[in-house]
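Okay, so here's the structure we're looking at.
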Amino acid sequence: MAGRVVVLCGGVGGAKLVLGLSKVLPPEKLLVVVNTGDDFEHFGLRICPDLDTVTYTLADLADKERGWGRAGETWHFMESLRQLGGADWFNLGDRDLALHAERTRRLKAGESLSEVTAALLDKLGVSVPVVPMSDDAVRTIVETDEGALPFQHYFVRRRCEPKVAGFRFDGAAKARPHAAFKAALTDAEAIVIAPSNPYVSVDPILALPNMRQAIRTAPAPVVAVSPIVGGKALKGPAAKMMAELGVPATAEAVAEHYRGLADAMVIDWQDRGAHDAIAQLGMRALTVNTVMNSLDDRIALARDVLDIAGTIDARAPA
């Protein structure tokens, strides 16, 4: 097929799979669509956490121990900020600040977020196409027992402590999906939902106007990778969110979340007991190692995802 592999992803887990895919596919065969619902303004700077994590990972600049930010980071700005009594709940490293400052400068000069992202990727030597889900602002709001909280206030400032009751995506109803994203769906070779948080990393992308329908009617197979392994989220609050929403933290529940959208579900060996239940949801199930501790793990999972996509017959165009 002539189309590309389109990946819907958030930050750390999604970035790991994207890196693996980038090692087995040429850049022109891949399009990475990144959640921007986490974006926010801080100290007058536009912060795009998921875009930055994917960018740093592909540029081989990511801090592999923390899972976010740049390797070799220093924190003099934050130290000085604390001395001055400034808001220090969101860490901004000295190296990382340069990216945020340059992005903000370009945005204020009239460039779109996708134009800025492409320019920054080019400067960092990344040839894989990475686009924000939209150039229009979409902001994830977490409904909690303490009221509605912007995502970063829930996730970082409150350390995911409030009890989750639901989510909304402000601006999504009027946001326009990135043009390359829409175009790529029409002849994609495969659509991959990365092992990112279904509620706050993938759902913001799916909340864009007509996006679920566009994916359902695309001719490409849709393969989702579960971010839940053995009842736990390897990174982030997905399992906690699911429990508080009354949803079991299982691979089967993730499959149920994507029911009617995904054709296949990739789960970890630890969750092999869910294989038959997922099949009963009308999806193919593939049980492999999904824990990506090494580059070899990332590449192996990427190959597994592409392999199962290749076994699914193309859908008839809508």
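Could you work out the pair-distance distribution P(r) of region 143-276 from its alpha-carbon pairs, with 5 angstrom bin width and percents rounded to whole numbers? Histogram of Cα-Cα distances, whole percents per bin: 2, 10, 18, 20, 18, 16, 11, 4, 1.
Looking at the square roots a ≥ b ≥ c of the eigenvalues of the Cα gyration tensor of region 202-304, which shape do they give, rounded for a/c under 1.5, prolate if a/b is larger than b/c, or oblate?
rounded
Less than 5 angstrom separates the built amide H of Gly231 from those of Ala251, all sequence-distant by 5 or more or on a different chain.
The length gained on full extension between Ala119 and Ala101, counted as 0.36 nm times the residue separation minus their Cα-Cα distance, comes to 5.1 nm. Within a straight-line Cα-Cα reach of under 23 Å, Lys123 can be paired with the following lysines, leaving aside sequence neighbours fewer than 8 residues apart in one chain: Lys16, Lys23, Lys29, Lys64, Lys108.
Charges only on Cβ, +1 for Lys and Arg, -1 for Asp and Glu: so what's the dipole of region 142-275 about the Cα centre, in debye to the nearest 20?
Working: 15 positive and 14 negative charges, 65 e Å.
It works out to roughly 320 debye.
For region 36-132, carbon and sulfur atoms together expose 51% of the accessible surface, with a 1.4 angstrom probe and every protein chain in place. Among DSSP bridges having both ends in the chain, what percentage is antiparallel? Round to the nearest 5. Given both bridge residues lie in the chain, the antiparallel proportion sits at roughly 45 percent. Beta bridges assigned by DSSP with both partners in region 1-110 are antiparallel in approximately 45 percent of cases.
Per residue, how much accessible area does the chain show when a 1.4 Å probe rolls over the protein heavy atoms, in square angstrom?
Values: 13710 Å² over 318 residues.
It amounts to 43 Å² per residue over the chain.
The computed Rg and Dmax of the Cα atoms in Å for the structure shown corresponds, within (i) 28.7, 93; (ii) 18.8, 62; (iii) 20.0, 73, to (ii). Shape analysis of region 1-154 places it in the prolate category; the axes a ≥ b ≥ c from the Cα gyration tensor give an a/c of at least 1.5, with a/b above b/c. Between amide H atoms placed 1.01 Å from N, distances below 5 Å from Thr144 occur with Leu149, Ala165, all of them 5 or more places distant or on a separate chain. Just to confirm the number: angle between the C-alpha axis of helix 94-108 and the first principal axis of the chain, 0 to 90 degrees, nearest 10? The angle comes out near 80 degrees.
Suppose we keep just the DSSP beta bridges with both residues in region 124-228; what percent of those would be antiparallel, to 5? It would help to have the intermediate numbers written out before the result.
On the way: 11 of 14 bridges.
Counting only bridges with both partners in region 124-228, antiparallel ones make up about 80 percent.
The values are calculated or read from the model by the stated rules, or taken from the named source; none is laboratory data. Note that the coordinates shown come from a computational prediction; the quantities given were computed from them, not determined experimentally. As a convention, Cβ positions derive from the backbone with ideal geometry for all residues, glycine included, and neighbour counts pool all protein chains shown. These accessible areas exclude ligands, DNA and RNA; they are computed on the full protein's heavy atoms, side chains included. Shrake-Rupley method; radii C 1.70, N 1.55, O 1.52, S 1.80 Å.
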